[in-house]
1. Here are some residues: L127, L110, L87, L117. Which one is under 31 Å from the mean Cα position of the chain (by Cα) and within 18 Å of L34 (Cα to Cα)?
2. Applying the selection to the range 176-199, what residues are at pLDDT 75 or above and either in contact with a Lys or Arg (Cβ under 9 Å, 6 or more places away or on another chain) or exposed (fewer than 14 other Cβ atoms within 10 Å of the Cβ) (or both)?
3. Only residues that are among the charged types (D, E, K, R) and either assigned to a strand (DSSP E or B) or modelled with pLDDT of 95 or more (or both): list them for the range 61-77, please.
4. Of all residues in the range 248-293, count the ones that are in a strand (DSSP E or B) and surrounded by 11 or more Cβ atoms within 10 Å (Cβ to Cβ).
5. Restricting to the range 72-98, give me the number of residues that are surrounded by fewer than 18 Cβ atoms within 10 Å (Cβ to Cβ) and within 17 Å of T275 (Cα to Cα).
6. Of the residues that sit in the range 204-221 and are part of a loop (DSSP other than H, G, I, E, B) and within 29 Å of T106 (Cβ to Cβ), which one is modelled with the lowest pLDDT?
7. So, in the range 222-247, of the ones that are polar (S, T, N, Q) and either out of contact with any Lys or Arg (no Cβ under 7 Å at 6 or more places or on another chain) or open to solvent by 80 Å² or more (accessible area, probe 1.4 Å) (or both), which residue ends up modelled with the lowest pLDDT?
Amino acid sequence: MAETRNEFETSLESAGHSREDNDSWEQYLERRNLVLHFLHSDLSLCNLQHHRNNAELLQKCYFYLEIEPKHMNVRDQNHVVHCTDILQLIDPIRLERMRKVGKNQTEIQLVLLTELLEQLEQGREELSCFVETWDVTTFLSRWDLILQRLSELSQSVKNLHSLQVPGKLYVKHRLVLYAGLRGAGLPDVRVSLYTKRPLFFDRNESVAYKDWAKLKWYTEDQESQLEECELLTKLLTNGSQPGYSRLQQVTSNTCVVQNLQPGSSYEFTIRRAHTATLVFAKWHDSITLKTKE
């Protein structure tokens, strides 16, 4: 009788352990799948590469001040109302301060964007290591740590999205000159940042001939509105050292450069023209062509 009782108790204990093992395994699978879903969605290699491409493009973009309203009705000495560009009413010294603020904010934004991308890539490696190398017991015992990293990385993803869009700028002082308003009320001036895509040379369409070259450039979004650009032409001596150079204004996406030396190498650089609201432009595209003998 005693032997039968011991066998029964052993059977109950074994069943209890079996249920606990099953519960642990189900819990492990549920939590593991949660991590895998995050790795295959927000932290997928495809998404991270997409964010990396956007960050690299932003590094090459031109950042400008967006000032609203763009125009304002102002009365002249004869009380005639004119629609005036807001830039003509803004104190140049204060506008320059806002440009510096915009430049600083842009530089900080680009640095943070790079750091966040590095953190997300590192976080992806950590989570992958947790899933691939930890056994069930270790994974469950350190779930709080995993959950904390998931929360941190999820917030980093949100921050990454926000940093890819230029933000507003805080206007500490009045930008508009009182004297220019002639009794009109002060406008509520709002300042933010916006970007324009960089210009790239068309490597297939840009060709050098004996004493002239035909150049063509574009933007990735193929914007239809042509704006003023600056084309810098440099004669390279000894194949690489810059020599004579000249700068010309172009309002087009093509240009023919005349009076080049046959059998010489030239470096051409295209960039957007400088404006009063430009705050950041770090990158310009260049191409080197050699004229025919």
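The values are calculated or read from the model by the stated rules, or taken from the named source; none is laboratory data. What you see is a predicted model; the values in this text were computed from it and never measured. FYI the Cβ positions are ideal-geometry reconstructions off the backbone, even for glycines, and counts take in every protein chain you see. All accessible areas refer to the heavy atoms of the entire protein, side chains included, with ligands and DNA or RNA removed. Shrake-Rupley method; radii C 1.70, N 1.55, O 1.52, S 1.80 Å.
1. L127
2. D188, V189, R190, V191, S192, L193, Y194, K196, R197, P198, L199
3. Of the residues in the range 61-77, the ones among the charged types (D, E, K, R) are 66, 68, 70, 75-76.
Those that are among the charged types (D, E, K, R) and either assigned to a strand (DSSP E or B) or modelled with pLDDT of 95 or more (or both): E66, E68, R75.
4. Restricting attention to the range 248-293, the residues satisfying the condition of being in a strand (DSSP E or B) are 248-250, 254-257, 265-272, 278-280, 285-290.
Then keep just the ones that are surrounded by 11 or more Cβ atoms within 10 Å (Cβ to Cβ); that gives 248, 250, 254-255, 257, 265-272, 278-280, 285-290.
Number of matching residues: 22.
5. Going through the range 72-98 one residue at a time, the tally reaches 11.
6. D221
7. Of everything passing the filter in the range 222-247, S240 is modelled with the lowest pLDDT.
Here's the yes/no breakdown for (1) assigned to a strand (DSSP E or B); (2) open to solvent by less than 60 Å² (accessible area, probe 1.4 Å); (3) more than 24 Å from N47 (Cα to Cα):
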| position | (1), (2), (3) |
| --- | --- |
| T106 | no, yes, no |
| E125 | no, no, no |
| T137 | no, no, yes |
| L150 | no, yes, no |
| S154 | no, yes, no |
| P166 | no, yes, no |
